[in-house]
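Asker: The structure under discussion is supplied below as structure tokens; questions concerning it will follow.
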Amino acid sequence: MANWVAAFLIIITLELGISTSAATLNETCLGADISFQLQFNLYQNSCPEAESIVFSWVQSAVAVDPRMAASLLRLHFHDCFVNGCDGSVLLDDTATFQGEKTAPPNLNSLRGFEVIDAIKSDLESVCPETVSCADVLAIAARDSVFLTGGPSWEVQMGRKDGVSASKAAATASLPGPNSTVAVLLANFQNVGLSLNDVVALSGAHTIGKARCSSFSSRISGGAGGGPDINLQLCSSPDLSTTATTAAVAELDKGTPFTFDNQYYTNLLSGEGLLPSDQALAGQDQETRMIVETYVEDSDRFFEDFKASMVRMGSLVGVVGNTGEIRRNCRFVN
């Protein structure tokens, strides 16, 4: 296992042409008067085993539950879109605030928290109070994509964990499954991302599943004729409201556990599962042109996806004394 993980990390560095002899800095910002620097190879000296530990846990989790790759990737998305990548999505509710877990886009939907708990516990035993929960999410997202056949990239690190969370912010900031292209673009532009980022990052839906409530309008044909899905699956209310047992369907019925460009092919044939997905091919000519490009050139999709993930991961909301390195990702120190 150790040799495989080490080889994986070397492949990442060689693939992107990044030198390991010196750290590369990238100044990023989110909002007015908030600036911060993320760094490659930040834990090279302080916690050299950090990335290997994360990879090992993600690899084991995905081997047991292939859907977990998409779930861990989604955690990173839902973290970064709400006040920046600060690990706030991981916080449990307390007497003083309502966290993001119970916001409508997340409630009974987000999963993978136990995997993050295990990773953080392992990291704390090796290098206490060194690796932030926000950085764990970023690394785990990268590894999840790689383990399902997708591209890899060098993750910038140095995020601080937030000391609070906001249910209201999560409700307002996260794009919904019924969003139009205009709404999607507004959500992305609010955090400094572009139209191309909208289409590239939506490609994350090439893996994973969605609950029936997320695409009910596609079944009835309300979004232009739904995909060929198991109608019986969604013909009655979910027997359970939990994220682990609710009725779900594959976002990409062709290759549901492989990170590839099949998702975009589905959109051109009208078989996108979520209304917000299908909108990319049917509502806007510019987004459709990008979809067509990704269908024709999977390498272009991979390159754009990597670049968009780095940009999204650079949305840092807490700096200096306003953040911390949590010992437990569920609670403020």
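Asker: Within region 167-186, can one find any residue that is open to solvent by less than 10 Å² (accessible area, probe 1.4 Å), among the hydrophobic types (A, V, I, L, M, F, W, C) and over 20 Å from Q278 (Cα atoms)?
Answerer: There is at least one residue in region 167-186 that is open to solvent by less than 10 Å² (accessible area, probe 1.4 Å), among the hydrophobic types (A, V, I, L, M, F, W, C) and over 20 Å from Q278 (Cα atoms).
Asker: Go through region 131-176 and count every residue that is in contact with a strand residue (DSSP E or B) (Cβ under 9 Å, 6 or more places away or on another chain), under 22 Å from F97 (Cα atoms) and either assigned to a helix (DSSP H, G or I) or among the hydroxyl-bearing types (S, T, Y) (or both).
Answerer: Within region 131-176, residues that are in contact with a strand residue (DSSP E or B) (Cβ under 9 Å, 6 or more places away or on another chain), under 22 Å from F97 (Cα atoms) and either assigned to a helix (DSSP H, G or I) or among the hydroxyl-bearing types (S, T, Y) (or both) number 3.
Asker: Looking at region 124-133, can you tell me whether even one residue there is within 29 Å of A249 (Cβ to Cβ) and surrounded by fewer than 19 Cβ atoms within 10 Å (Cβ to Cβ)?
Answerer: Taking every residue of region 124-133 in turn, none turns out to be within 29 Å of A249 (Cβ to Cβ) and surrounded by fewer than 19 Cβ atoms within 10 Å (Cβ to Cβ).
Asker: May I pose another question? What are the residue pairs meeting all of these: first residue in region 257-285, first residue over 25 Å from V62 (Cα atoms), second residue of a type in the set (S, T, Y) and in a loop (DSSP other than H, G, I, E, B), Cβ atoms under 7 Å, and 6 or more apart or on different chains?
Answerer: S276/S179; A279/T180; Q283/T180
Asker: If only one of T265, T242, T255 is modelled with pLDDT of 90 or more, among the hydroxyl-bearing types (S, T, Y), over 18 Å from the mean Cα position of the chain (by Cα) and over 13 Å from A70 (Cβ atoms), which one is it?
Answerer: Going through T265, T242, T255 in turn, the sole match is T265.
Asker: Sticking with this one: Quick check, is N83 among the polar types (S, T, N, Q) and more than 22 Å from R327 (Cβ to Cβ)?
Answerer: No: the conditions fail for N83.
Asker: Spot the failing condition for A118; the list is (1) of a type in the set (A, V, I, L, M); (2) free of Cβ contacts under 8 Å to residues at least 60 places away in the same chain; (3) surrounded by fewer than 24 Cβ atoms within 10 Å (Cβ to Cβ); (4) in a helix (DSSP H, G or I), and only one is missed.
Answerer: Only one criterion is unmet by A118, namely (2).
Asker: Could you grab me the full set of residues in region 198-234 that are within 16 Å of D252 (Cβ to Cβ), open to solvent by 30 Å² or more (accessible area, probe 1.4 Å) and either in contact with a Pro (Cβ under 8 Å, 6 or more places away or on another chain) or modelled with pLDDT of 90 or more (or both)?
Answerer: Selection gives H205, K209.
The values are calculated or read from the model by the stated rules, or taken from the named source; none is laboratory data. All values reported here derive from a predicted model rather than from experimental measurement. Positions of Cβ are generated from backbone atoms using ideal geometry, with glycine treated the same way; all protein chains shown enter the neighbour counts. These accessible areas exclude ligands, DNA and RNA; they are computed on the full protein's heavy atoms, side chains included. Shrake-Rupley method; radii C 1.70, N 1.55, O 1.52, S 1.80 Å.
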